[in-house]
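Single-structure report; data block below.
The values are calculated or read from the model by the stated rules, or taken from the named source; none is laboratory data. Predicted, not measured: the structure shown is a model, and the values here were computed from it. With ideal geometry, Cβ positions are generated from the backbone for all residues, glycine too; neighbour counts draw on all protein chains shown. The accessibility values were calculated without ligands, DNA or RNA, using every heavy atom of the protein model including side chains. Shrake-Rupley method; radii C 1.70, N 1.55, O 1.52, S 1.80 Å.
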Amino acid sequence: MLPYTEAANPITADIDISNPKEIVKKLEECDKEMFSPKGLDKEKTLFSEDILRAMVKVAEVAKKLIFQSDSGKSLIIMSGCGTSGRIAFMMARTFNRFLKLTEKKFAYTIAGGDQALFTSQEAPEDDRETGKNDLIKACEGRSQILYIGITCGLSAPYVAGQLNHCMENPEKFTPVLLGFNPVRLARDLPIYGWQKTFLKVAQELELLSEDDKAFLINPVVMGEAVTGSSRMKGGSMTKIILETIFLLSTAASDFSISECKKILKLYEETCKLFYESASNAVSSWMSWTAHSFNADGHLYYVGSNGAGVLGIIDATECPPTYGATLDDVRGFICGGYPEYENNEGDLGQLGENYRINSDDLAELLGRGPDAVKHDTLIIVAVGLTDPVLKELQENKKLGSSIKNVAGKDVAEKMKVGVVLLLEKDAQLPELPSFLSEIFVIRLPISDEVTPNTACSFLTSTGAERLKKSLFECCAKWFYNGTSTGAHVRKGKVYKNFMVDLKVSNQKLFHRSIGIIKRFSPGISEDEARNFLLRSIYEVDDVDMTLSSSSILTHIMAAAPKDKVVPTAIVMANRKCSFQESQRALSQFRIIRDALQKLTQIK
Ligand code: S6P
């Protein structure tokens with residue numbers, strides 16, 4: 001059986017031929033599965049007793065570590081690869097800010113280091129030794145550690161190395177595994193230079209969890225809207241679970257399963273309200289962005305605080321998910337690096353794509369109206385005091401540069417708009433007239449669902465923090481929906497698979513074989529692997545030397561190449577040579593059109 005996180009979701013089987021409104025509807029249905037997946041009687045899901053119990057236990061451990069008297073020695077560290085690592089970073093940032101302690105209590109590690117917060121770094125995901133070393137370094141000087149390893153697929157070797165290190169040092173670490181597959185579906189494939197697989201590590205941890213020496217939080221959330229794209233539900237669920245745990249540990253004097261459930265129910269309600277009030281906004285921005293992409297334009301996001309961070313995260317995920325260029329989608333935050341608060345500080349010297357300040361966006365727009373006329377800019381503001389609104393209202397650097405490109409009375413100009421996330425009764429702020437579109441998303445819609453009323457066990461600052469977190473989720477759903485839908489509309493997705501993926505780590509190597517098999521009727525897994533190798537090495541025969549080389553060798557050969565998987569699919573379907581397949585594909589600009597025409601898949 002395929003792990004749930006790698007399975008195609010029937011809800012989005014025809015997302016590639018859906019219109020924007022239909023796409024949003026499908027995304028909504030998929031997101032709702034986080035809270036109430038259907039037909040899963042035998043699996044643990046978010047509201048299962050075991051999951052809630054584990055969350056409460058972890059919150060108790062966290063609370064002890066944060067507030068105990070020798071607290072200088074304790075640390076809560078979260079870690080992961082790709083989106084999982086980015087959410088780990090965001091949670092550390094959020095709760096360090098919330099606690100305002102002189103000594104930071106929350107930390108993160110991410111495979112590939114801080115560069116991975118801005119550009120995708122897939123290969124380090126497979127490196128369990130570096131995972132272990134990163135953890136050791138991050139924990140220097142601390143003797144009591146709550147470690148939360150996040151891997152949606154229960155598969156990342158980087159996280160396996162860290163979990164294993166925790167289990168070897170139980171006097172120092174309490175390990176937690178957070179992901180979205182049952183243990184039996186954890187990855188059981190060799191990890192380079194190691195005798196253990198992820199499955200083995202997860203089973204050891206499961207055993208320890210029977211005595212509360214480790215914890216397992218792994219509700220099933222069903223397949224992603226775009227198969228395997230764990231930046232979506234996986235990332236959202238990670239954020240929701242971690243925020244719930246840390247709100248309990250930092251802002252509730254007393255808590256049990258019932259309080260945990262109340263917070264989660266607010267997220268569920270927010271998801272429902274978001275789609276009720278934001279579907280039009282998402283489908284409109286999705287269409288405009290697709291229009292930009294088709295004219296070789298770009299999508300920019302700008303926001304502040306958590307909404308700014310999430311815009312940058314969403315942008316960073318587009319190259320690995322959709323083969324987008326680093327410039328296609330970019331995110332910016334008011335205040336830049338000092339606001340971002342990542343471990344390694346300002347990385348702007350690494351290049352254009354590491355410049356994240358809203359002033360950098362202002363400079364980019366300074367190239368003039370003609371240079372950006374095909375682009376789309378979305379300003380996301382949370383509440384009336386959001387600094388990004390000030391930028392606009394007071395005509396600061398960003399505001400005046402936007403006015404310069406969007407305020408002109410010409411037929412073709414940059415599409416600029418604001419998405420305002422406001423409380424139910426908040427008045428609409430005054431905004432400059434050159435902003436062509438203003439969407440308002442109001443939460444909560446009914447009074448019963450405010451954090452203060454539904455979660456009266458939280459301190460008032462805790463309830464405020466929860467409110468911000470709920471708004472942030474809306475911002476995440478908004479960004480994810482817009483960028484996913486725009487890439488779908490651009491023809492990047494075939495059925496609900498991103499077929500033109502980069503074969504740049506073990507997970508993606510195996511996913512590629514699965515995709516080739518699925519779209520090449522009648523071939524076996526071995527044959528699919530063979531076609532993949534033929535495509536990677538640009539040959540028509542795979543000899544023994546090639547076929548027995550390590551997966552690492554294959555990945556290194558494949559990573560710099562384009563259209564590896566589509567080429568293999570066309571070879572398999574048309575029983576043709578590598579050259580013929582490449583020639584056939586080169587007739588098409590859009591991969592989805594190519595596969596529709598060149599294969600027999602219905
Ligand atoms: C996001 C994308 C990747 C994953 C990364 C870690 O859509 O799928 O960046 O975040 O591969 O995956 P996992 O399963 O260990 O969380």
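Distance cut-off 30 Å, Cα to Cα: go down the list LYS64/LYS265; LYS21/LYS239; LYS239/LYS373; LYS373/LYS597; LYS38/LYS563; LYS137/LYS239 and report the pairs above it.
Pairs exceeding the cut-off: LYS239/LYS373; LYS373/LYS597; LYS38/LYS563.
Per residue, how large is the accessible surface of the stretch 80-145? Use a 1.4 angstrom probe and give square angstrom.
Using a 1.4 Å probe on heavy atoms only, each residue of the stretch 80-145 averages 36 Å².
Whose amide H sits under 5 Å from the amide H of LEU299, counting only residues 5 or more places off or on another chain, with H placed in the peptide plane?
VAL329, ARG330, THR376
Expressed in nm to one decimal, what extension gain is obtained for the pair LYS424 and LYS21 from 0.36 nm per residue of sequence separation less their Cα-Cα distance?
Stretched out fully, the LYS424 to LYS21 stretch lengthens by 142.6 nm.
Compute the relative contact order of the chain as a whole-number percentage, counting only Cα pairs closer than 8 Å that sit 6 or more residues apart in sequence.
Relative contact order for the chain comes out at 15 percent.
Each residue of the stretch 239-249 in turn: what ³J(HN,Hα) in whole Hz from Karplus with 6.51, -1.76, 1.60 and θ = phi - 60°, glycine and Pro shown as x?
Working through the residues one at a time gives 4, 5, 5, 5, 5, 4, 4, 7, 5, 4, 6 Hz.
Please list 426-437, 213-224 highest first by mean number of surrounding beta-carbon atoms within 10 Å per residue.
Those peptides, ordered most packed to least, come out 213-224, 426-437.
Please report Rg over Rh for the stretch 398-550, where both radii come from the alpha carbon positions and Rh follows the Kirkwood definition.
Rg/Rh for the stretch 398-550 comes to 1.20.
In whole Hz, with x marking every Gly and Pro, tabulate ³J(HN,Hα) for the stretch 343-355 from phi via Karplus 6.51 cos²θ - 1.76 cosθ + 1.60, θ = phi - 60°.
Result, ordered by residue: 3, 8, x, 5, 9, x, 5, 6, x, 3, 6, 9, 9 Hz.
Quick one: accessible area per residue over the stretch 416-478, 1.4 Å probe, rounded to a whole number of Å²?
42 Å²
Using unit Cβ charges (K, R positive; D, E negative) and no other charged atoms, how large, in debye to the nearest 20, is the dipole of the stretch 258-340 about its Cα centre?
Using only the charged Cβ atoms, the result is roughly 280 debye.
Provide ASP526, ASP127 ordered by accessible surface of protein heavy atoms (probe 1.4 Å), highest first.
ASP526, ASP127
Along the charge dipole of the chain, which of VAL493, LEU350, GLY308 sits closest to the positive end, that is, farthest toward it, with unit charges on the beta carbon of Lys, Arg, Asp and Glu (+1, +1, -1, -1)?
Comparing the listed Cα positions along the dipole, VAL493 ranks first.
Give me a comma-separated list of calculated 3J(HN,Hα) values for the stretch 579-585, in order, Karplus coefficients 6.51, -1.76, 1.60 applied at θ = phi - 60°, integers in Hz, x for any Gly or Pro.
4, 5, 5, 4, 4, 4, 5
Using protein chains only and a probe of 1.4 angstrom, how many square angstrom of LYS468 are accessible, to the nearest 10?
Rounded to the nearest 10, that gives 110 Å².
Put +1 on the Cβ of each Lys and Arg and -1 on the Cβ of each Asp and Glu in the stretch 200-357; which of LEU299, ALA281, GLN203 then has its Cα farthest toward the positive end of the dipole?
Farthest towards the positive end: ALA281.
Carbon and sulfur atoms: what percent of the 1.4 Å accessible area of the chain do they account for?
Here carbon and sulfur together make up 49 percent of the probe-accessible area.
Given the stretch 492-602, report the % of alpha carbon pairs whose separation exceeds 22 Å.
Taking all Cα-Cα pairs of the stretch 492-602, the fraction more than 22 Å apart is 21 percent.
Between GLU412 and GLU129, what is the label-point separation in nm under the 7 Å Cα-to-beta-carbon projection?
5.4 nm
Compute the normalised compactness of the chain: alpha-carbon radius of gyration over 2.2 N^0.38 Å, N being the residue count.
Cα-based Rg divided by the globular estimate yields 0.94.
Just from its helices, what would the mean residue ellipticity at 222 nm be for the chain, if runs of 4 or more DSSP H residues each count -39500 (n - 2.57) and the sum is divided by every residue, rounded to the nearest 500 deg cm²/dmol?
Rounded to the nearest 500, the figure is -15500 deg cm²/dmol.
Pull up all non-local amide H partners of TYR494: gap of 5 or more, or a different chain, and H-to-H distance under 5 Å with H placed in the peptide plane.
VAL499
Under a Cβ-only charge scheme (Lys and Arg +1, Asp and Glu -1), can you give me the dipole magnitude of the stretch 376-526 about the Cα centre, in debye to the nearest 20?
720 debye
Mind putting a number on the dipole of the chain about its Cα centre? Charges go on the C-beta only, +1 for Lys and Arg and -1 for Asp and Glu, and I need it in Debye to the nearest 20.
Charge dipole, the chain, about its Cα centre: 600 debye, nearest 20.
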